[in-house]
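Asker: This structure is in structure tokens; I'll ask about it shortly.
The values are calculated or read from the model by the stated rules, or taken from the named source; none is laboratory data. Being a predicted model, the structure only gives us computed values, none of them experimental. Heads up, the Cβs are rebuilt from the backbone with ideal geometry, glycines too, and the neighbour counts pull from every protein chain shown.
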């Protein structure tokens, strides 16, 4: 009984250590498909380098923090290992051919969970609208009021948008009406005032 308990503790400790290792940046970019393409894009993003010095790594955006959802994501990731062995995206050309579908899969998952991983760091309630650029502040306040999820507006933050997504985005953007800058609403001073207007 004691030996079984000790073996269980050792197994559990090893399992958790390995699971945590698979969340590291080093693990994520250990295959050449990620290192050659995705990692280079990420290194140019605000999630890699920014004025505050806070870095979000792959697992911050792609792996839930909670244990149950994290394990489900890890099980789904085993499919990625199969495709690694099959060479599905082992060249830049193959990767680009699949990129839009891969992106759509991630976007759909993020929309389904209300951009949960984004919200581990970003919180509407903690935002200072008045300290944001005017255009950003206006858009964020509208998104908040309409209960939009992060990924609806923030595709292409850490990775380049697939060409198909950029073409689709251009087709979806309506012509902008002329706006008098003096008539534009000023950013709100606090969330409380914003919520009162609803």
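Asker: Would you mind stating whether residue 139 is surrounded by 12 or more Cβ atoms within 10 Å (Cβ to Cβ), touching a helix residue (DSSP H, G or I) at 6+ places or on another chain (Cβ under 8 Å) and modelled with pLDDT under 90?
Answerer: It is false that residue 139 is surrounded by 12 or more Cβ atoms within 10 Å (Cβ to Cβ), touching a helix residue (DSSP H, G or I) at 6+ places or on another chain (Cβ under 8 Å) and modelled with pLDDT under 90.
Asker: In addition: Which of (1) within 26 Å of residue 67 (Cβ to Cβ); (2) over 18 Å from the mean Cα position of the chain (by Cα) does residue 122 not meet, given it meets every other one?
Answerer: Residue 122 satisfies all of (1) within 26 Å of residue 67 (Cβ to Cβ); (2) over 18 Å from the mean Cα position of the chain (by Cα) except (2).
Asker: Additional query: Would you pick out the residues in the stretch 148-163 that are in contact (Cβ under 8 Å) with a residue 60 or more places away in the chain and either surrounded by 15 or more Cβ atoms within 10 Å (Cβ to Cβ) or assigned to a loop (DSSP other than H, G, I, E, B) (or both)?
Answerer: 157, 158, 159, 160, 162
Asker: Search the stretch 15-27 for residues that are at negative phi and modelled with pLDDT of 90 or more and pair each with any residue that is assigned to a loop (DSSP other than H, G, I, E, B) and surrounded by 14 or more Cβ atoms within 10 Å (Cβ to Cβ) when their beta-carbon atoms are under 6 Å apart and the residues are at least 6 apart or on different chains.
Answerer: Short answer, once both residue conditions are applied: 23/63; 25/57.
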